[in-house]
Amino acid sequence: MAQVARTGAGRRTPSGEPRAAGAGLVEAARNAFAEKGFHGTTTRDIASAAGMSPAAVYVHHPTKESLLFQISEHGHRAILDSIRAAVDEHETPTDQLRALVWTFAQRHAAHHTSARIVYYEAAALTPEHRAQTDALATEISEVVLGVLRAGIAAGEFSCDDVALAGRSIAGMGVDVARWYDDTGSWTPEQIADHQAQTALRMVGAG
């Protein structure tokens with residue numbers, strides 16, 4: 001059996017690749033899934049793009065699905081953390097909703113490649129991993145709903161169906177990942193400005 005060389009921070013895999021290559025592996029998987037889809041991508045495709053041997057992939061990830069899960073979990077957590085921070089930076093529900101929707105839309109445009117994978121390859125996750133990402137998605141929804149409920153309680157919003165409004169606002173932002181084009185005429189910030197104002201009009205904010 002091949003021996004694993006250990007040199008402190010410079011640990012290497014049995015095939016000789018440095019363990020730091022794991023980050024490049026995730027990026028390679030992201031690009032491959034975006035180009036070919038999860039099922040159309042092979043472990044060899046990912047290894048080749050990362051400059052690693054196929055055997056080395058399994059040192060970092062036991063399956064191709066585990067790479068998909070890492071991408072999906074990171075994407076959900078990044079959105080959750082960013083919208084929570086946006087809400088915490090403002091006092092009134094109106095300002096919180098504007099900031100939340102702006103952040104949500106801007107991130108889905110700026111990171112549209114990852115977002116497409118997160119949403120459109122979710123069916124390939126194992127039931128356990130899907131349950132974990134679904135739980136994060138629920139937390140994201142609760143942040144949106146919490147701001148809407150606070151706005152209604154404060155008299156800043158007029159909304160007959162909070163759940164429907166929340167789903168509509170979130171869906172508007174998520175859909176950006178589907179149609180956004182880096183070569184298009186709109187920047188992520190312009191899209192975010194537009195969606196923030198649209199969301200406020202949807203809930204009757206003054």
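Structural remarks
- Subset of segment 1-41 (residues that are farther than 16 Å from Ile117 by Cβ and either among the basic types (Lys, Arg) or modelled with pLDDT of 90 or more (or both)): Arg6, Arg11, Arg12, Arg19
- Some residue of segment 147-165 being open to solvent by less than 80 Å² (accessible area, probe 1.4 Å) and under 21 Å from Ser72 (Cβ atoms): no
- The residue that is nearest to Leu136 (Cα to Cα), among those in segment 48-62 that are part of a helix (DSSP H, G or I) and not β-branched (Val, Ile, Thr), is His60.
- Close pairs (7 angstrom Cβ cut-off, 6 or more residues apart or separate chains): polar (S, T, N, Q) in segment 136-160, in a helix (DSSP H, G or I) anywhere: Ser141/Gly166; Ser141/Ala170
- Lone qualifier among Glu91, Glu65 - being outside any helix (DSSP H, G or I), open to solvent by 20 Å² or more (accessible area, probe 1.4 Å) and either out of contact with any helix residue (DSSP H, G or I) (no Cβ under 7 Å at 6 or more places or on another chain) or in contact (Cβ under 8 Å) with a residue 40 or more places away in the chain (or both): Glu91
- Scanning segment 94-126 for residues that are open to solvent by less than 20 Å² (accessible area, probe 1.4 Å) and among the aromatic types (Phe, Trp, Tyr) returns a single hit, Phe104.
- Residues of segment 100-124 classified as part of a loop (DSSP other than H, G, I, E, B) and under 15 Å from Trp179 (Cα atoms), total: 1
The values are calculated or read from the model by the stated rules, or taken from the named source; none is laboratory data. Since the structure is predicted, the reported quantities are computational estimates derived from the model, not experimental observations. When we count neighbours, we look across all protein chains shown, and the Cβ atoms used for this are built from the backbone with ideal geometry, even at glycine. The accessibility values were calculated without ligands, DNA or RNA, using every heavy atom of the protein model including side chains. Shrake-Rupley method; radii C 1.70, N 1.55, O 1.52, S 1.80 Å.
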